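A.B. asks: Got a structure for you, written out below as structure tokens; questions coming shortly.
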Amino acid sequence: MSNIIDLKLFELVEKIKKKEISSQEVTKVFVDRSQKSKKLNSYITENFENALQKAKQFDEKPDFNKKLPGVPLAVKDLFCTKNIRTTAGSKILENFIPTYESTVTQNILNEGGIIIGKLNCDEFAMGSSNETSFFGNVQNPISENLVPGGSSGGSSSALAAKLTPATIGTDTGGSIRQPASFTGTVGLKPTYGSCSRYGIVAFASSLDQAGPMTQNVKDCALMLEVISSYDNKDSTSVDFKRGQYLKDLNENIKGKKIGIPKQYRVDGMPKEIDELWKKGMKIIENNGGEIIEINLPNTNYALPTYYIVAPAEASSNLARYDGVKYGFRSKGENLIDMYEKTRSEGFGDEVKRRIMIGTYVLSSGYYDAYYLKAQKVRRLIKNDFDEAYKKVDAILTPSTPSSAFKIGEKTNDPVSMYLNDIFTVPINLAGLPAISIPAGHDKSGYPLGLQVIGKAFDEQNILNIAYSIEKNINFKNNFNDWWIN
Amino acid sequence: MTIDLKTVKHISKLSRISIDDNKAKKLSDDLNSIFKFIEKLEELDTEKIEPLTSIAETNLKLRKDEIKSKNIREDILKNSPEDNKDFFVVPKVVE
């Protein structure tokens with residue numbers, strides 16, 4: 001059954017339910033392929049043996065009412081998984097084995113999913129290319145020595161290479177949508193408060209959200225249904241009525257008003273991206289939607305705001321890594337010396353850089369000038385979207401200002417790396433949902449994505465719009481399995 | 001403004017991250033380029049704007065203060081780099 005890997009997630013679910021294939025067959029196929037794909041370095045921790053056993057248990061006592069009946073899935077290594085090592089891509093958590101399960105992965109387990117491994121990511125999700133991981137670079141299956149995006153780079157790589165039928169990532173400033181765009185896959189960041197943050201290694205708590213990464217929009221709707229839930233263990237979890245995203249998925253977008261923000265037409269953006277954007281607008285019009293130019297005047301201030309708010313929250317969240325209760329510890333002459341050496345040796349350069357930015361902007365004398373200022377600008381950015389949504393139902397933009405770049409190309413210049421997230425960061429600041437779908441290729445044949453941004457809690461609408469665009473694009477990743485050995 | 005070596009040393013102290021002189025130089029360059037980028041915000045007049053502290057404008061729910069986890073000492077100490085089965089162990093702090 002070599003074609004199992006080519007099945008979509010929803011097809012796998014149907015075939016398992018019809019007893020045409022077993023959980024063991026499916027799990028074995030993805031485990032085998034993952035084992036042959038070490039060159040990609042997508043995994044940090046493998047859970048293959050355990051997964052095969054779980055699949056056997058499922059087949060012995062199957063429950064076909066589950067949404068992911070015996071389906072194997074690898075997940076980003078930022079989700080705490082009980083008894084499975086969870087590193088967040090950091091040396092400081094190299095040996096950390098959680099004694100509890102994150103709510104999002106628990107939801108996957110509750111629906112019959114089987115965790116086959118933990119996927120590589122930028123250290124503490126801080127990065128846009130997976131190059132800050134303590135566990136090494138990840139290869140993009142699209143081409144050798146190309147970054148898979150980040151921070152959910154192991155997730156995007158494993159998904160595009162079909163080592164897992166679907167996966168989940170986390171998105172603080174674009175960490176689901178940018179890697180999805182770089183690998184020709186679908187990634188959705190839900191509204192802040194839709195997926196519980198309980199058990200997710202915290203980066204910037206007012207921005208972090210978990211979300212699905214899949215091969216297509218229908219799979220994305222299914223995964224969102226599984227992972228989104230109200231959770232009293234997360235005080236920012238929102239108790240709203242979750243939709244039946246898969247059942248209500250619908251390509252009819254007649255009469256929908258879609259906004260095009262002129263501020264997203266940035267200097268130096270490749271011509272192909274602009275053309276792709278126009279193609280997206282054309283499809284929407286052909287399908288009965290209406291294109292309306294909108295204004296998001298504070299777009300240019302989103303990245304500077306993000307690089308104050310996110311590091312500030314990170315510096316506070318990462319204060320817990322002190323070498324005392326868990327994680328790596330270095331020897332010191334006294335307690336303070338031990339803290340300082342532990343954190344110096346345990347964190348990588350990008351994480352240290354961001355902790356220090358955050359510490360500085362929160363420090364006495366600078367708080368008002370930086371942190372308070374950024375929170376005020378964050379309000380302006382949110383107001384821009386509120387204003388726009390008086391006129392439109394959703395917004396269409398490119399996902400990224402460029403396609404995937406080579407490993408090592410941007411590591412020496414943090415600001416040029418940060419610019420990658422220019423189209424995704426404003427959405428996190430405003431707490432909105434957004435989906436990236438593959439929409440075409442650039443002249444090197446690398447994938448490019450389009451982003452559909454919705455109103456808060458309007459995931460169904462952006463899924464439907466994405467579905468309608470997807471049907472008219474027929475995107476396909478072209479690569480041979482060059483990494484297999 | 002510029003972040004000089006003295007400031008870098010000060011932030012490193014506040015962050016509890018030791019840093020050697022070689023790295024401090026590179027870090028000060030990186031931080032300067034990042035702050036130059038961040039200071040674009042100064043263009044905006046935000047005097048009358050309310051800061052946005054949380055995007056989820058929900059009321060915090062109250063719950064009963066009851067113990068749900070019992071006998072989890074072993075679990076809690078399981079990941080500690082050094083313990084004596086009852087406590088976390090740190091370098092001596094009292095002479």
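A.B. asks: Of the residues A:S364, A:S344, only one is more than 26 Å from the chain's Cα centre (by Cα), part of a helix (DSSP H, G or I) and either farther than 19 Å from B:D83 by Cα or facing chain B (nearest Cβ under 9 Å) (or both); which?
C.D. replies: Working: A:S364 fails: part of a helix (DSSP H, G or I).
It is A:S344.
A.B. asks: Answer with yes or no whether A:S403 is within 27 Å of A:E350 (Cα to Cα) and either among the basic types (K, R) or not in a loop (DSSP other than H, G, I, E, B) (or both). Quick ask: steps written out before the conclusion?
C.D. replies: Values: within 27 Å of A:E350 (Cα to Cα): yes; either among the basic types (K, R) or not in a loop (DSSP other than H, G, I, E, B) (or both): no.
Taking the combined requirement at face value, the residue does not satisfy it.
A.B. asks: Which one of these does A:Q24 not meet: (1) under 23 Å from A:S156 (Cα atoms); (2) among the polar types (S, T, N, Q); (3) in contact with a helix residue (DSSP H, G or I) (Cβ under 7 Å, 6 or more places away or on another chain)?
C.D. replies: Result: A:Q24 passes all but (1).
A.B. asks: Could I ask something else about it? Could you list, ordered by first residue, the pairs with Cβ atoms under 6 Å in which the first is in region A:89-116 and over 18 Å from A:A202 (Cα atoms) and of a type in the set (G, A, S) and the second is at pLDDT 95 or above and not in a helix (DSSP H, G or I), at least 6 apart or interchain?
C.D. replies: A:G112/A:K66; A:G112/A:L68; A:G112/A:P69; A:G112/A:G70; A:G113/A:L68; A:G113/A:V71; A:G113/A:L73
A.B. asks: If I ask for residues that are in a loop (DSSP other than H, G, I, E, B) and either closer than 24 Å to A:W483 by Cα or modelled with pLDDT under 95 (or both), which ones from region A:176-205 would you list? Break it down stepwise before answering.
C.D. replies: Filtering region A:176-205 for residues in a loop (DSSP other than H, G, I, E, B) gives A:176, A:184-185, A:190-199, A:201-205.
Hits for region A:176-205 are A:I176, A:G184, A:T185.
A.B. asks: Scan region A:259-269 and give yes if some residue there is touching a residue at least 40 places away in the same chain (Cβ under 8 Å), within 14 Å of chain B (Cβ to nearest Cβ) and under 30 Å from A:K373 (Cβ atoms), otherwise no.
C.D. replies: Scanning region A:259-269 turns up no residue that is touching a residue at least 40 places away in the same chain (Cβ under 8 Å), within 14 Å of chain B (Cβ to nearest Cβ) and under 30 Å from A:K373 (Cβ atoms).
A.B. asks: A follow-up question, please. Part of a loop (DSSP other than H, G, I, E, B), crowded, with 16+ Cβ neighbours inside 10 Å, at pLDDT 95 or above and within 22 Å of the chain's Cα centre (by Cα): is that true of B:S12 in this structure? Walk me through it before giving the result.
C.D. replies: Working: part of a loop (DSSP other than H, G, I, E, B): no; crowded, with 16+ Cβ neighbours inside 10 Å: yes; at pLDDT 95 or above: yes; within 22 Å of the chain's Cα centre (by Cα): yes.
No.
A.B. asks: Another one. Could you grab the pairs with beta carbons closer than 6 Å, sequence gap of 6+ or different chains, first residue in region B:13-42 and more than 7 Å from chain A (Cβ to nearest Cβ), second one surrounded by fewer than 18 Cβ atoms within 10 Å (Cβ to Cβ) and in a loop (DSSP other than H, G, I, E, B)?
C.D. replies: These pairs meet every condition: B:N32/B:T2.
A.B. asks: Give the residue that is surrounded by the fewest Cβ atoms within 10 Å (Cβ to Cβ), with candidates limited to residues of region A:163-184 that are out of contact with any Phe, Trp or Tyr (no Cβ under 8 Å at 6 or more places or on another chain) and over 19 Å from A:I407 (Cβ atoms). Break it down stepwise before answering.
C.D. replies: Step one: list which residues in region A:163-184 are out of contact with any Phe, Trp or Tyr (no Cβ under 8 Å at 6 or more places or on another chain), which gives A:166-167, A:169, A:171, A:175-181, A:183.
In the following step, the residues that additionally are over 19 Å from A:I407 (Cβ atoms) were identified as A:166-167, A:169, A:171, A:176-177.
Working: A:A166: 30, A:T167: 27, A:G169: 33, A:D171: 29, A:I176: 34, A:R177: 32.
That would be A:T167.
A.B. asks: Six or more apart or on different chains, Cβ atoms under 6 Å: show the pairs whose first residue is in region A:466-478 and crowded, with 21+ Cβ neighbours inside 10 Å and whose second is assigned to a loop (DSSP other than H, G, I, E, B) and of a type in the set (S, T, N, Q).
C.D. replies: Close Cβ pairs satisfying both conditions: A:S468/A:N287.
A.B. asks: Any chance region B:51-66 includes a residue that's surrounded by 14 or more Cβ atoms within 10 Å (Cβ to Cβ), within 9 Å of chain A (Cβ to nearest Cβ), in contact with a helix residue (DSSP H, G or I) (Cβ under 6 Å, 6 or more places away or on another chain) and part of a loop (DSSP other than H, G, I, E, B)?
C.D. replies: Looking for residues that are surrounded by 14 or more Cβ atoms within 10 Å (Cβ to Cβ), within 9 Å of chain A (Cβ to nearest Cβ), in contact with a helix residue (DSSP H, G or I) (Cβ under 6 Å, 6 or more places away or on another chain) and part of a loop (DSSP other than H, G, I, E, B), one finds at least one in region B:51-66, hence yes.
A.B. asks: Given (1) loosely packed, with under 15 Cβ neighbours inside 10 Å; (2) in contact with a strand residue (DSSP E or B) (Cβ under 7 Å, 6 or more places away or on another chain); (3) not polar (S, T, N, Q), identify the lone condition not met by A:K271.
C.D. replies: Tallying (1) loosely packed, with under 15 Cβ neighbours inside 10 Å; (2) in contact with a strand residue (DSSP E or B) (Cβ under 7 Å, 6 or more places away or on another chain); (3) not polar (S, T, N, Q), A:K271 fails exactly one: (2).
A.B. asks: Looking at region A:321-342, can you tell me whether even one residue there is under 28 Å from A:K382 (Cα atoms) and surrounded by fewer than 23 Cβ atoms within 10 Å (Cβ to Cβ)?
C.D. replies: Of the residues in region A:321-342, the ones under 28 Å from A:K382 (Cα atoms) are none.
No - not one qualifying residue is present in region A:321-342.
A.B. asks: With the requirement that a residue be assigned to a helix (DSSP H, G or I), aliphatic (A, V, I, L, M) and more than 9 Å from chain B (Cβ to nearest Cβ), what does region A:376-393 give you? Write out each step before concluding.
C.D. replies: Within region A:376-393, the first condition is being assigned to a helix (DSSP H, G or I), and the residues that meet it are A:376-388.
Within this subset, residues satisfying the condition of being aliphatic (A, V, I, L, M) are A:377, A:380-381, A:388.
Selection gives A:A388 alone.
A.B. asks: Identify, from the list A:F58, A:F64, A:F96, the residue that is outside any helix (DSSP H, G or I) and under 27 Å from A:L224 (Cβ atoms).
C.D. replies: Working: A:F58 fails: outside any helix (DSSP H, G or I); A:F96 fails: under 27 Å from A:L224 (Cβ atoms).
Going through A:F58, A:F64, A:F96 in turn, just one is outside any helix (DSSP H, G or I) and under 27 Å from A:L224 (Cβ atoms): A:F64.
A.B. asks: Does A:I116 qualify as being away from chain B (no Cβ under 14 Å) and surrounded by 18 or more Cβ atoms within 10 Å (Cβ to Cβ)?
C.D. replies: Values: away from chain B (no Cβ under 14 Å): yes; surrounded by 18 or more Cβ atoms within 10 Å (Cβ to Cβ): yes.
Here the answer is yes, as A:I116 does meet what is asked.
A.B. asks: Out of the residues in region A:317-338 that are touching a residue at least 12 places away in the same chain (Cβ under 8 Å), assigned to a helix (DSSP H, G or I) and touching a helix residue (DSSP H, G or I) at 6+ places or on another chain (Cβ under 9 Å), which is farthest from the other protein chains (Cβ to nearest Cβ)?
C.D. replies: Ranking the candidates gives A:N317 first.
A.B. asks: Same structure again: Inspect region A:298-315 for any residue being more than 9 Å from chain B (Cβ to nearest Cβ), surrounded by fewer than 21 Cβ atoms within 10 Å (Cβ to Cβ) and not β-branched (V, I, T) and give the result as yes or no.
C.D. replies: no
A.B. asks: Please specify each residue of region A:25-42 satisfying the condition of being crowded, with 20+ Cβ neighbours inside 10 Å and assigned to a helix (DSSP H, G or I).
C.D. replies: Going through region A:25-42, the residues crowded, with 20+ Cβ neighbours inside 10 Å turn out to be A:26-27, A:29-31, A:34, A:37, A:40-42.
Selection gives A:V26, A:T27, A:V29, A:F30, A:V31, A:S34, A:L40.
A.B. asks: While we're here: Has region B:21-42 got at least one residue that is surrounded by 16 or more Cβ atoms within 10 Å (Cβ to Cβ), among the polar types (S, T, N, Q) and touching a Leu at 6+ places or on another chain (Cβ under 7 Å)?
C.D. replies: Looking for residues that are surrounded by 16 or more Cβ atoms within 10 Å (Cβ to Cβ), among the polar types (S, T, N, Q) and touching a Leu at 6+ places or on another chain (Cβ under 7 Å), one finds at least one in region B:21-42, hence yes.
A.B. asks: Oh, and also: Would you mind finding the one in A:I437, A:I462 that is outside any helix (DSSP H, G or I), closer than 19 Å to A:L222 by Cα and touching a residue at least 40 places away in the same chain (Cβ under 8 Å)?
C.D. replies: Numbers: A:I462 fails: outside any helix (DSSP H, G or I).
Step by step, each of A:I437, A:I462 is checked, and only A:I437 is outside any helix (DSSP H, G or I), closer than 19 Å to A:L222 by Cα and touching a residue at least 40 places away in the same chain (Cβ under 8 Å).
The values are calculated or read from the model by the stated rules, or taken from the named source; none is laboratory data. All values reported here derive from a predicted model rather than from experimental measurement. Virtual Cβ from ideal backbone geometry, glycine too; neighbours counted across all protein chains shown.
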